[in-house]
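Data block below; observations after.
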Amino acid sequence: MNIIDNGAIKTAISLVFIQQVFLAGSTWSIGLAGASVAKADYDTAKFEVICFFGLALMAYSASSVSQFYSNRAHNEVWRSYTYHIIDRITGRAELSSKKNTQRAMGWLSSEALSTAQLATSFYIEFIATTLNILLTLIVFFLSLGPIIGSVLGLSFFVSLLSICLFKSKIKHTTNLMQASKISTLVHLAPLWANGLFGNRPMIQAAKHEFQEASASFFKSTESYVKVEQLLACLPIAISVIVVATTAAMQNTADPLLMGTMVALLPRTLQLFGNMHSLSLYLAQWVMIKQKLNNLDGFAAALDSQELGTQINETGLTIINKSTDQAVPFETLMRRLSDKTLSQGRILITGGNGAGKSSCLKLIKSITPDAILFCQDSEFELLDQLSTGQAHKIRLETVLRQSSGIFLLDEWDANLDSEVTQALDEHIDRMSDIALVIEVRHKTPIKKR
């Protein structure tokens with residue numbers, strides 16, 4: 001998943017570059033101001049202070065505009081990824097298990113959304129922090145000399161080395177975090193259902209399962225934070241000791257150097273803070289890269305049902321309601337594949353476990369333009385309605401679509417006899433111009 005191609009991210013990164021150039025200029029101005037004070041050149045010092053504030057204002061203005069584009073970017077990235085997943089599963093009825101639906105909803109609404117927000121913000125902040133450090137080191141190198149400038153740059157290379165050493169550990173921990181997070185989210189639905197409808201033993205059992213799943217997730221996050229903070233603090237600890245020792249050895253008789261050092265002390269603290277952040281970002285770089293790789297592989301990791309093995313052909317009865325004649329399963333599938341069956345009404349019956357629903361899903365997989373209506377196909381959000389009302393409206397919405405094939409799985413469930421009869425007559429008329437293949441819940445079909 002390459003999010004850098006997003007136009008909003010490119011704009012945000014360009015603004016970040018401008019921001020860091022202004023900040024480097026402000027650092028250079030405050031260093032010159034300190035040197036001017038050491039020379040008692042107060043007019044020049046005042047001018048440099050004014051330049052410092054002006055450059056800082058322009059830097060933070062650029063930062064504010066960059067944040068706007070950063071927010072737009074992570075919204076667009078998440079939406080594009082959601083469309084990407086939908087494109088990957090389109091027409092693949094073998095992926096329509098309840099488990100896959102729960103995983104996908106949890107993944108898209110939680111992991112994918114948070115990763116899109118995290119990754120876009122991360123890239124922008126990582127680039128900003130890296131530019132800030134490099135440009136500030138250049139200013140320090142020019143202002144304080146090569147020795148102190150080089151020593152300050154030491155932590156940058158220590159951070160890179162530390163990440164290389166712990167790269168595999170970060171990848172492993174990241175995979176554990178994502179897997180355990182999805183497992184925890186999947187347990188929310190039964191926890192909620194037991195809380196609403198279960199008795200106390202059922203609620204306690206659901207809480208126990210949720211606690212075990214969440215404990216695994218919490219353990220993996222804590223493990224990652226330990227590694228992350230170790231990598232962040234180690235370079236700073238080394239650099240502070242070396243910089244303090246180097247500063248103590250400097251020639252205090254040089255007023256220009258001492259004035260510049262005093263003026264740049266706040267920037268030095270900021271530099272250490274940015275180096276600490278960079279160490280965190282470098283650790284997160286590996287984590288986010290792995291997260292993005294996992295996003296790319298999500299659709300391929302969904303459980304695929306072998307629909308053909310779930311169908312007991314001898315246990316199914318397929319009736320063409322137009323002729324009231326039985327249709328062999330192989331004949332139906334062949335005519336659908338050959339596209340020689342374009343209208344009529346076909347009823348599939350059979351006992352529990354015979355594979356009636358699987359049969360409709362198999363037909364959907366070989367006829368991508370067909371519409372499959374079943375209990376899980378919530379094509380639209382309908383709040384504040386009863387189950388029967390919502391079912392009726394969704395079915396009516398489906399029947400208004402311009403499709404050549406309608407696959408209706410127990411469409412008469414949750415409907416009263418009057419509504420069922422009216423819809424049955426409507427479906428009968430539809431079958432004159434379209435193909436309707438249905439599984440009924442309980443109401444018998446009248447002969448045409």
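Read-outs throughout are calculated quantities, based only on the coordinates presented, and are distinct from any laboratory measurement. Source: prediction; values computed, not measured. We place every Cβ from the backbone using ideal geometry, glycine too, and count neighbours over all the protein chains shown.
Compute the length gained on full extension between D369 and V227: take 0.36 nm times their separation in residues and subtract their Cα-Cα distance, giving the result in nm to one decimal.
Gain on extension, D369 to V227, equals 46.1 nm.
Among the listed pairs K99/K291; K321/K392; K99/K364; K98/K226; K98/K321, which are separated by more than 26 Å between their Cα atoms?
In this structure, K98/K226; K98/K321 lie more than 26 Å apart at Cα.
Could you tell me how far the Cα centroid of region 58-96 sits from the Cα centroid of region 300-320, in Å?
The distance from the Cα centre of region 300-320 to that of region 58-96 comes to 36 Å.
Could you give me the radius of gyration and the Dmax of region 307-439, taking only the C-alpha atoms into account and expressing both in angstrom?
Rg then Dmax for region 307-439, in Å: 14.5, 44.
Provide H187, H441, H208 in ascending order of the number of other Cβ atoms located within 10 Å of each residue's Cβ, fewest first.
Least crowded to most crowded, the residues run H208, H441, H187.
Enumerate the helices in the chain for which the Kyte-Doolittle hydropathy averages -0.5 or more and the C-alpha atoms extend at least 24 Å along the helix's axis, using complete DSSP H runs.
Span-like helices in the chain: 7-38, 42-89, 113-144, 154-186, 200-248, 255-296.
With a 10 Å Cβ neighbour count serving as the proxy for reagent exposure, in which order, fewest first, do D296, D428 appear?
D296, D428
How about region 307-355: which trypsin sites (Lys or Arg not before Pro) there are in a DSSP loop, with at most 14 other Cβ atoms within 10 Å of their Cβ?
Here the sparse-neighbourhood loop sites are K339.
Which is farthest toward the positive dipole end of region 3-301 among Y60, A299, Y123, measuring Cα position about the Cα centre, with Cβ charges +1 (Lys, Arg) and -1 (Asp, Glu)?
Going by the charge dipole, the pick is A299.
Given the alpha-carbon gyration tensor of the chain, what are the semi-axes of its equivalent ellipsoid in whole angstrom, ordered largest first, with each equal to the square root of 5 times an eigenvalue?
For the chain, the ellipsoid semi-axes come out as 67, 23, 18 Å.
Tell me which of L196, F47, S168 sits at the most positive position along the dipole axis of region 3-301, charges placed on C-beta atoms (Lys, Arg +1; Asp, Glu -1).
Positive-end residue among those listed: L196.
For D338, D409, what ranking results if the residue with the fewest other Cβ atoms within 10 Å of its Cβ goes first?
Final ranking by Cβ density, sparse to dense: D338, D409.
Where in the chain is the longest stretch that carries no GluC sites (Glu not before Pro) classed as loop by DSSP and with at most 12 other Cβ atoms within 10 Å?
The reported range is 1-305.
Taking Cα centroids, how far is region 321-395 from region 1-38 in Å?
First find each Cα centre; the distance between them is then 60 Å.
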